């Protein structure tokens, strides 16, 4: 399967990096996009982010490369994930603004009726953020707030990251064992 992974300048670069690594390790083709904001954020959060994504990807593009394959619906991809997704990128997609390769590729996925998953990393949310989430959802995007679950008793930051990455893989229909699934209360017979 072929997936587009866009990494924007929101905090949480590790989500995109780990998703690229998981998809690559599973044998999927990853075509990554790094925005200028992502490159700046990576310097503070994860200095080797671009290199790690590059090792797991078929290709890595800059946000200005509007001639990249994912800018056209004739290039067939199985879905796209924006992780982390900045509020700027959310607003661009929600309002149909094809201002860079990320928003163009996202809008192509929507028009082609392919999955577009936006892993949002922002808090608190303004009313405008919430309205943009609604508009993007109405347009077909899947909104995934970076809100890890705690029912699996996470012990490390990696456990929290794996939960979020696993939720994205679930939405793409990809089998994984990144977190313990809820099976009901102990002794409930569920």
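Values quoted throughout were computed directly from the atomic coordinates according to the rules given, and no laboratory measurement underlies them. All figures in this text were calculated on a predicted structure; none of them were measured in a lab. Neighbour counts are summed over all protein chains in view; Cβ atoms, including those assigned to glycine, are modelled from backbone coordinates with ideal geometry.
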Can you give the FRET efficiency for residue 159 and residue 66, using 1/(1 + (r/R0)^6), R0 = 25 Å, r = Cβ-Cβ distance, to the nearest 0.05? 0.05
Compute the acute angle (0 to 90°) between the alpha-carbon long axis of helix 157-171 and the principal axis of greatest extent of the alpha-carbon atoms of the chain; round to the nearest 10°. 70
Computed log₁₀ I(q)/I(0) - Debye formula, equal Cα scatterers, no solvent, the stretch 44-87, q 0.17, 0.23, 0.28, 0.30 Å⁻¹: -0.65, -1.12, -1.30, -1.29
Using a 10 Å cut-off around each Cβ, can you sort 110, 101 from fewest to most neighbouring Cβ atoms? 110, 101
Helix 13-25 axis, angle to the chain major axis (alpha carbon atoms, nearest 10°): 80
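Can you give the extra length, in nm with one decimal, that the chain gains between residue 175 and residue 44 once fully stretched, where that is 0.36 nm per residue apart less the Cα-Cα distance?
Taking 0.36 nm per residue and subtracting the Cα distance, the gain is 44.0 nm.
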Rg/Rh ratio calculated on Cα atoms of the chain (Kirkwood radius): 0.97
Relative contact order, percent, the stretch 1-153 [alpha-carbon distance under 8 Å, six or more residues apart]: 24
Acute angle (nearest 10 degrees) that the helix 101-111 long axis makes with the longest principal axis of the chain, alpha-carbon atoms: 70
Under the helix-only model (-39500 (n - 2.57) for each DSSP H run of 4 or more, divided by the residues of the chain), the mean residue ellipticity at 222 nm, to 500 deg cm²/dmol, is -12500 deg cm²/dmol
